[in-house]
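**Q** Structure provided below as structure tokens; questions to follow.
The values are calculated or read from the model by the stated rules, or taken from the named source; none is laboratory data. All figures in this text were calculated on a predicted structure; none of them were measured in a lab. Quick reminder, even Gly has a Cβ in these numbers, built from the backbone with ideal geometry, and neighbours come from all protein chains shown.
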Amino acid sequence: MDNIKDGQYRDNIRLGALVDIVQKQDQRSGDLTRGLVKRILTNSKQHPHGIKVMLDTGEVGRVKEVLPDE
């Protein structure tokens, strides 16, 4: 769990970063989707539910965790 960053802060998220997101339809279940950030969709520096991003697969959701580079 070392180097895992909080997805609430835009500064923690970089294009190409490996992240776990929760998609809109998974908010109740809390199911996470892992992928690489293609676009950062939230403009503000911080969001209480996580910064919204688009993954390289086209899936959109709010970042829960930014994972360390392998």
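**Q** Of the numbered conditions (1) over 9 Å from the mean Cα position of the chain (by Cα); (2) β-branched (Val, Ile, Thr); (3) modelled with pLDDT of 95 or more, Ile4 fails exactly one; give the number of that condition.
**A** With respect to (1) over 9 Å from the mean Cα position of the chain (by Cα); (2) β-branched (Val, Ile, Thr); (3) modelled with pLDDT of 95 or more, Ile4 is out only on (3).
**Q** Limited to the stretch 1-45, what total is found for residues that are of a type in the set (S, T, N, Q), surrounded by 12 or more Cβ atoms within 10 Å (Cβ to Cβ) and either touching a residue at least 24 places away in the same chain (Cβ under 8 Å) or in contact with a Leu (Cβ under 7 Å, 6 or more places away or on another chain) (or both)?
**A** Step one: of the stretch 1-45, the residues of a type in the set (S, T, N, Q) are 3, 8, 12, 23, 25, 27, 29, 33, 42-44.
Subset that is surrounded by 12 or more Cβ atoms within 10 Å (Cβ to Cβ): 8, 12, 23, 27, 33, 42.
Within this subset, residues satisfying the condition of being either touching a residue at least 24 places away in the same chain (Cβ under 8 Å) or in contact with a Leu (Cβ under 7 Å, 6 or more places away or on another chain) (or both) are 8, 12, 23, 33, 42.
Final tally of qualifying residues: 5.
**Q** Take the residues in the stretch 26-70 that are touching a helix residue (DSSP H, G or I) at 6+ places or on another chain (Cβ under 6 Å) and among the hydrophobic types (A, V, I, L, M, F, W, C), then tell me which one is farthest from Asn12 (Cα to Cα). Can you show your working first?
**A** The first filter runs over the stretch 26-70 and keeps only residues touching a helix residue (DSSP H, G or I) at 6+ places or on another chain (Cβ under 6 Å), leaving 45, 51, 66.
Narrowing further to those that are among the hydrophobic types (A, V, I, L, M, F, W, C): 51, 66.
Working: Ile51: 10, Val66: 7 Å.
Among those residues, the one meeting the criterion is Ile51.
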